[in-house]
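Everything below concerns the one structure shown next.
The values are calculated or read from the model by the stated rules, or taken from the named source; none is laboratory data. None of these values were measured; they are calculated from a predicted model. Cβ: placed from backbone, ideal geometry, glycine included. Neighbour counts: every protein chain shown. For the accessible areas, the whole protein counts, side chains as well, though only heavy atoms, and no ligand, DNA or RNA atoms are used. Shrake-Rupley method; radii C 1.70, N 1.55, O 1.52, S 1.80 Å.
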Amino acid sequence: MATKAALLACTAATVLAGAFLTAATWSPAGADDLVTHHEFQVNCSPSHHQPDDPIVFPGLPGASHDHTFLGNKTTNAATTLQSLQAAGVGNTTCLAPDDLSAYWFPTVYNGNQVVLPNFAQVVYYKSGILDYTKVVPFPPGLRYVAGSVTATQDEFQHAPGAIEGWECGDSFHNWDVPVRCVAGSQLNIRYQAPSCWDGVHLDSADHKSHLAYPDRATLTCPADHSVAVPMLEFKMAFPVSGDMSGVHLASGRGYSWHYDFYNAWDPETLAALVKHCINGGLQCDPRGFDLYKPDRGSVLGPNYRLPGRP
């Protein structure tokens, strides 16, 4: 049976890419002794799209390129932590009613037509460092931009976090939107956010500098950004295929992909999910339940809330 020490000896590159052993490679009898993941999912559907960005252009409606918003239904240019919290439990498109956070990314177009995801999208909350037991929850109000609207194709391809690029059907690792996708397939993208916080600032002038990516060789946080928070990984899918010549982002070419996050989780709920799933070395669904380790139980009830909450 594999030991925890043996697993921690995995190469840093393998850990960073999330390419741990899969459930199919080990026996359920040894599940509790084998750490293969340290994550939980947040599933959220699109709520609306509009040319607002409360992080980059706060208080300036219409000043941004168009964004597609997930999560908190009230997000607009005037959004603050207080307004997100005031939306009230359940005023979100996420499965967990206590996740009032806002998530957004540049809207996808096919020609002049908006292309919105047509099912709940996945945002993974993972450990970006080797010692997953040290990850702590986001503080309320933490916000940032992952990726860059001004990135070149080379910068997008070699971003500090592991990315898969654009893919559809049997076409993978594209650093711009593919020219053609198999009919009936969907256009997908994954992109990882930084996960090392300076421990002080909830935002910064460029909306990036208060966070950093882990060192790729050691998978540890740098000394000036020593607080490990969950690493978000957006996994988005768009129902468009066939001729992709007209497909683009509101921000420009495919390599201008970026996304924004504004944390407004109920602190107790987020802390429970981080402790059970990330610190506990589990592969959790949106309820904080690991299918392969059912004896560990779940964090949230059937209503996706902490036990005792209606």
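General remarks:
- Among the residues of region 188-221, those identified as part of a loop (DSSP other than H, G, I, E, B), buried (at least 19 other Cβ atoms within 10 Å of the Cβ) and touching a strand residue (DSSP E or B) at 6+ places or on another chain (Cβ under 8 Å) are Ala193, Pro194, Ser195, His210, Tyr213, Pro214, Cys221.
- The strands (runs of 3 or more DSSP E) found wholly in region 35-153 and carrying at least 2 residues that are of a type in the set (S, T, N, Q) occupy 39-44, 46-50.
- Per-region count, region 250-260, residues buried (at least 22 other Cβ atoms within 10 Å of the Cβ) and either hydrophobic (A, V, I, L, M, F, W, C) or in contact with a Cys (Cβ under 9 Å, 6 or more places away or on another chain) (or both): 1
- Test: residue in region 76-92 that is in contact with a helix residue (DSSP H, G or I) (Cβ under 7 Å, 6 or more places away or on another chain) and surrounded by 20 or more Cβ atoms within 10 Å (Cβ to Cβ): no
- The condition (being open to solvent by 50 Å² or more (accessible area, probe 1.4 Å), at pLDDT 95 or above, at positive phi and not aliphatic (A, V, I, L, M)) is satisfied by just one residue among Gly308, Gly297, Gly281: Gly308.
- In region 99-114, the residues that are open to solvent by 10 Å² or more (accessible area, probe 1.4 Å) and more than 13 Å from Tyr262 (Cβ to Cβ): Tyr109, Asn110, Gly111, Asn112, Gln113, Val114
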